[in-house]
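What follows is a single structure, written as structure tokens, with notes after it.
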Amino acid sequence: MNSWIDLRSDTVTRPTREMREAMMNAEVGDDVYMEDPTINHLQERAAEIFEREAALFVPTGTMGNQIAVKIHSQSGSEVILEESGHIFNYEMATMSSFSGALGRPIRGEDGVITWDQIKKHVRPNIYYVAPTSLITLENTHNMAGGTIYPQAEAENICDHAHEARLPVHLDGARIFNASVATGKSVADLTRKFDSIMFCLSKGLGAPVGSLLVGSRAFIEKARVYRKALGGGMRQVGVLGAAGLIALEKHPPKLSVDHAHAKRLATALATLPGIKINPAKVQTNILVFDISATGLDTPEFSKRLKERGVLANGIDATHMRMVTHYDVSRDDIEKTIQIAGSLLTQRTPA
Ligand SMILES: *Cc1c(COP(=O)(O)O)cnc(C)c1O
């Protein structure tokens with residue numbers, strides 16, 4: 001239904017008219033034979049934009065991340081990651097079932113783990129402990145509220161990891177949000193990482209698709225694992241055509257989503273019982289504590305929904321709202337009014 005104000009995620013964006021026209025007119029071929037000109041062009045453009053050798057289109061970000069884990073890790077090894085991150089929590093334990101690797105989670109402040117924390121968890125090279133094989137970081141950090149990785153720390157981690165001969169993979173599902181918010185290019189933000197996954201299907205607005213980016217050797221291995229997982233697609237240029245528009249034209253639009261998120265956070269912070277620090281809302285995601293409202297998140301979501309707004313809790317006391325291009329400034333103002341009214345005219349639970 002189009003009349004909902006849907007703040008559940010930036011994955012809910014629908015393809016624009018321009019995307020649909022490009023999809024209709026896309027030149028296609030069989031991508032398993034690497035003969036789809038539209039996908040080949042998308043992959044070349046992604047590699048150029050990230051200033052890397054090669055890129056590979058994958059159906060989902062999860063598949064991209066898990067292919068990277070498979071390539072960088074070994075069965076029986078440990079992968080260091082932040083404990084509330086996507087790879088550890090929302091990818092079906094594929095790290096263990098597909099790669100045979102064990103996640104070694106570390107609690108980060110706002111989703112950020114530092115080298116000082118990581119180094120304590122890098123296992124020594126002794127035959128009777130499982131070796132560390134990989135470090136993964138997430139930028140922006142989804143569950144921490146769209147926070148941006150401090151660039152100096154990300155680079156510090158990569159430098160030290162490389163000295164210790166450990167690769168670092170970036171879950172950059174929303175790296176373009178970080179780029180727009182910091183004014184740094186995605187190439188500069190990601191230069192030191194061994195591999196990067198980013199999503200076209202989040203705030204960039206493509207209906208389907210993510211890309212893996214890295215060296216030619218890495219991407220060649222990734223193509224093999226993508227096929228093994230059943231992700232070798234045929235005339236996938238119909239998706240690539242929308243993805244190209246997402247990649248070439250939509251990044252600058254993300255600043256509007258960021259302004260909307262800031263406005264929403266600033267207004268929600270003034271409502272009784274809601275705890276959020278608007279200064280920490282750096283991109284398009286808000287996570288806020290509603291425990292002092294006396295409502296739990298299922299009840300809060302239900303009352304929002306009765307008034308036309310969709311948003312979910314991430315646990316019993318924290319709601320998440322995500323802005324994107326299908327949410328207008330007017331929708332933001334309506335959401336603020338609705339949240340205000342549901343907190344002031346409370347029906348007893
Ligand atoms: C959305 C997301 C992914 C990938 O999700 P898919 O739904 O599999 O495309 C990976 N990492 C983060 C941080 C995400 O938000």
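Annotations for the structure displayed:
- Antiparallel bridges, percent of DSSP beta bridges restricted to the chain (to nearest 5): 55 percent
- One Cα centroid belongs to the range 154-170, the other to the range 8-77; the line between them spans 25 Å.
- Backbone N atoms of the range 82-123 closer than 14 Å to the 7 Å Cα→Cβ label point of Asn156 belong to residues 109, 112-120.
- Anchor Lys202: lysines whose Cα lies under 17 Å away (excluding residues fewer than 8 positions away in-chain): Lys249, Lys253
- Each of Ala217 and Ser3 was given a label point 7 Å from its Cα along the Cα-to-Cβ line. The distance between the two points is 5.9 nm.
- Under 5 Å from the amide H of Ser195 lie the amide H atoms of Val168, Leu170, each residue being 5 or more positions distant or on a separate chain, with H modelled from the backbone and absent for Pro and chain starts.
- The slack between Arg191 and Asn89, meaning 0.36 nm per residue of separation minus the straight C-alpha distance, is 34.1 nm.
- Ranked packing of 21-27, 33-39, most packed first, by mean Cβ within 10 Å: 33-39, 21-27
- Two-site FRET efficiency, Arg123 against Asp30, from Cβ-Cβ distance with R₀ of 41 Å, rounded to 0.05: 0.40
- Computed across the range 194-279, the Kirkwood hydrodynamic radius from all distinct Cα-Cα pairs reaches 15.8 Å.
- Each of Arg307 and Asp116 was given a label point 7 Å from its Cα along the Cα-to-Cβ line. The distance between the two points is 4.3 nm.
- Rounded if a/c under 1.5, otherwise prolate or oblate - the chain, Cα gyration tensor axes: oblate
- Spacing of the two label points (7 Å from each Cα toward its C-beta) at Thr344 and Asp330, in nm: 2.3 nm
- Here the range 210-349 is treated as a sphere whose radius is the Kirkwood value from Cα pairs; by Stokes-Einstein at 10 °C and 1.306 mPa s it diffuses with a coefficient of 90 µm²/s.
- Ellipticity estimate at 222 nm from DSSP helix runs (n ≥ 4, -39,500 (n - 2.57)) divided over the chain, nearest 500: -12000 deg cm²/dmol
- Under the Karplus curve 6.51 cos²θ - 1.76 cosθ + 1.60, θ = phi - 60°, whole-Hz ³J(HN,Hα) for the range 165-172, x wherever Gly or Pro sits: 6, 10, x, 10, 9, 9, 7, x
- Within a Gaussian network of the chain (alpha carbon springs, distance under 10 Å), most fluctuating of Gly183, Gly237, Gly85: Gly183
- Couplings 3J(HN,Hα) of the range 119-129, computed from phi: 4, 5, 10, 6, 6, x, 7, 10, 5, 9, 10 Hz, in residue order, whole Hz [Karplus 6.51 cos²θ - 1.76 cosθ + 1.60, θ = phi - 60°; x for Gly and Pro].
- Greater than 30 Å apart at Cα, pairs in Lys184/Lys334; Lys192/Lys280; Lys275/Lys334; Lys221/Lys280: Lys184/Lys334; Lys221/Lys280
Bear in mind these aren't lab numbers, they're just calculated from the coordinates by the rules spelled out. Worth saying up front: this structure is predicted, and the values here are computed from it rather than measured. Cβ coordinates were reconstructed from backbone atoms using ideal geometry, including for glycine residues, and neighbour counts include every protein chain displayed.
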